[in-house]
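Visitor: Can you read through this structure? Questions will come right after.
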Amino acid sequence: MGDENVRRESRFLAATDGLRLHYVDYAPAGGGAAIPVVCLAGLTRSALDFDALAQALARRGRRVLALDYRGRGLSQWDADWKRYSLDVEEDDILATLAAAGVDKAVFVGTSRGGIHTMRFAARRPELLKAAVVNDIGPVVDARGLLRIKGYVGRQPGSATMAIALAALKLVAGPQFTSLSQAEWEEWAHATFVEKDGRLQLRYDPALAHTLDEVGPDSGPILFHDEWNAIAAIPTLVIRGGNSDLLSAETFAAMGDGHPLLERLTVPGQGHAPLLLDEGTIRAIGEFVERVSE
């Protein structure tokens, strides 16, 4: 839904290898000088996931960039799925920030976006004023990755949006027990798009190959060094109360050695919280205001 007090513009740029990238640039209608926010989505997700949050932050006087990684949203698909890697995506993120004229921001990262945020804290700390890390941490539970592997890349085929929504509820319902019908519909809209007369995913199905090595015997993926680096800046960690990717034990331990850490649990949601409910949006907005003072 649009807001006359918010300017929302779709922008495109070329990556260093020439691939076409897309991001959405939100700003207060009258402009604003507050430190911007950069939103980075999950593995198969897009800028659409941040629309409600971005508009709320823009109404507070904040510029927000919501990025589509290559192969997601309106960004071009890569012919080589192996280039859907953290390193390549981070080159793309840096190119986007340069094109947008942003050299420091509060980063909001959901799942894979949180991994990017932690890695930037370790490798390019000058970019981060603060961080919001949504349902990811130094220990990534392989059980959650195995569950995600079970559905990533499966096209809805001839299904209608109503059928796709029902399938989404069937898959995600056990973790997401408190969503309104409007939130389910928003999630479905951000996942599927009608194109050439049929429903399709909003991402390249080849992204499924990034999980090829995940199996029943896989151990956790560790990002301890990256998490230790983020301890230097104010950080809000969000966990879905039913998450199977960020365990309650890891969530509890993330404050060790991190005096600037704040925590938020979103009850009735799993991996990853949708950032659609008023309480979560308000908490993020208040955090961004505090760390920008």
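The values are calculated or read from the model by the stated rules, or taken from the named source; none is laboratory data. None of these values were measured; they are calculated from a predicted model. Positions of Cβ are backbone-derived with ideal geometry, glycine not excepted, and every protein chain shown enters the neighbour counts.
Visitor: So which of GLU289, GLU262 is touching a residue at least 24 places away in the same chain (Cβ under 8 Å), over 24 Å from PHE176 (Cα atoms) and among the charged types (D, E, K, R)? Before you say what the answer is, go through the steps one by one.
Guide: Values: GLU262 fails: over 24 Å from PHE176 (Cα atoms).
Answer to the check: GLU289.
Visitor: Just wondering, is there one or more residues in the stretch 23-41 that are under 20 Å from LEU201 (Cα atoms) and assigned to a loop (DSSP other than H, G, I, E, B)?
Guide: Initial filter on the stretch 23-41 (under 20 Å from LEU201 (Cα atoms)): 23-24, 40-41.
Still in the list and also assigned to a loop (DSSP other than H, G, I, E, B): 41.
Within the stretch 23-41 (the criterion being under 20 Å from LEU201 (Cα atoms) and assigned to a loop (DSSP other than H, G, I, E, B)), the answer is yes, since at least one residue qualifies.
Visitor: Among the residues of the stretch 34-53, is any modelled with pLDDT under 95, closer than 26 Å to VAL291 by Cα and touching a strand residue (DSSP E or B) at 6+ places or on another chain (Cβ under 7 Å)? Spell out the reasoning first.
Guide: The initial filter retains those residues of the stretch 34-53 that are modelled with pLDDT under 95, namely 34.
From what's left, closer than 26 Å to VAL291 by Cα: 34.
Then keep just the ones that are touching a strand residue (DSSP E or B) at 6+ places or on another chain (Cβ under 7 Å); that gives none.
Checked the stretch 34-53: no residue is modelled with pLDDT under 95, closer than 26 Å to VAL291 by Cα and touching a strand residue (DSSP E or B) at 6+ places or on another chain (Cβ under 7 Å).
Visitor: I want to confirm something. Restricting to the stretch 1-26 and keeping residues that are modelled with pLDDT of 95 or more, out of contact with any His (no Cβ under 8 Å at 6 or more places or on another chain) and of a type in the set (Gly, Ala, Ser), which single residue is surrounded by the most Cβ atoms within 10 Å (Cβ to Cβ)?
Guide: For the stretch 1-26, the residue satisfying everything is ALA15.
Visitor: Within the stretch 146-161, is there a residue that is surrounded by fewer than 15 Cβ atoms within 10 Å (Cβ to Cβ), basic (Lys, Arg) and part of a loop (DSSP other than H, G, I, E, B)? It would help to see each step written out before you state the result.
Guide: Of the stretch 146-161, the ones surrounded by fewer than 15 Cβ atoms within 10 Å (Cβ to Cβ) are 150-151, 154-155, 157-158, 160.
Remaining after also requiring basic (Lys, Arg): 154.
Narrowing the set further to residues that are part of a loop (DSSP other than H, G, I, E, B) leaves 154.
There is at least one residue in the stretch 146-161 that is surrounded by fewer than 15 Cβ atoms within 10 Å (Cβ to Cβ), basic (Lys, Arg) and part of a loop (DSSP other than H, G, I, E, B).
Visitor: Collect the residues in the stretch 194-212 that are outside any helix (DSSP H, G or I), surrounded by 14 or more Cβ atoms within 10 Å (Cβ to Cβ) and free of Cβ contacts under 8 Å to residues at least 60 places away in the same chain, keeping them in residue-number order.
Guide: Start the filter on the stretch 194-212 by keeping residues that are outside any helix (DSSP H, G or I), which leaves 194-204, 212.
Next cut, surrounded by 14 or more Cβ atoms within 10 Å (Cβ to Cβ) only: 199-204.
Scanning the stretch 194-212 gives LEU199, GLN200.
Visitor: Looking only at residues that are in a helix (DSSP H, G or I) and in contact with a strand residue (DSSP E or B) (Cβ under 6 Å, 6 or more places away or on another chain) in the stretch 243-283, which one is surrounded by the fewest Cβ atoms within 10 Å (Cβ to Cβ)? Step through it out loud before you land on a result.
Guide: Within the stretch 243-283, the subset in a helix (DSSP H, G or I) is 248-253, 278-283.
Next cut, in contact with a strand residue (DSSP E or B) (Cβ under 6 Å, 6 or more places away or on another chain) only: 250-251, 280, 283.
Working: THR250: 20, PHE251: 19, THR280: 19, ALA283: 17.
Applying the filter and picking the extreme gives ALA283.
Visitor: Do we find that LEU94 is among the aliphatic types (A, V, I, L, M) and touching a strand residue (DSSP E or B) at 6+ places or on another chain (Cβ under 9 Å) in this structure? Spell out the reasoning first.
Guide: Working: among the aliphatic types (A, V, I, L, M): yes; touching a strand residue (DSSP E or B) at 6+ places or on another chain (Cβ under 9 Å): no.
Considered against the rule, which asks whether it is among the aliphatic types (A, V, I, L, M) and touching a strand residue (DSSP E or B) at 6+ places or on another chain (Cβ under 9 Å), LEU94 comes out as no.
Visitor: Of ASP68, ASP80, which residue is without any contact (Cβ under 8 Å) to a residue 12 or more places away in the chain and out of contact with any Asp or Glu (no Cβ under 9 Å at 6 or more places or on another chain)? Please lay out each step first, then the result.
Guide: Numbers: ASP68 fails: without any contact (Cβ under 8 Å) to a residue 12 or more places away in the chain.
Criteria check complete, one pass: ASP80.
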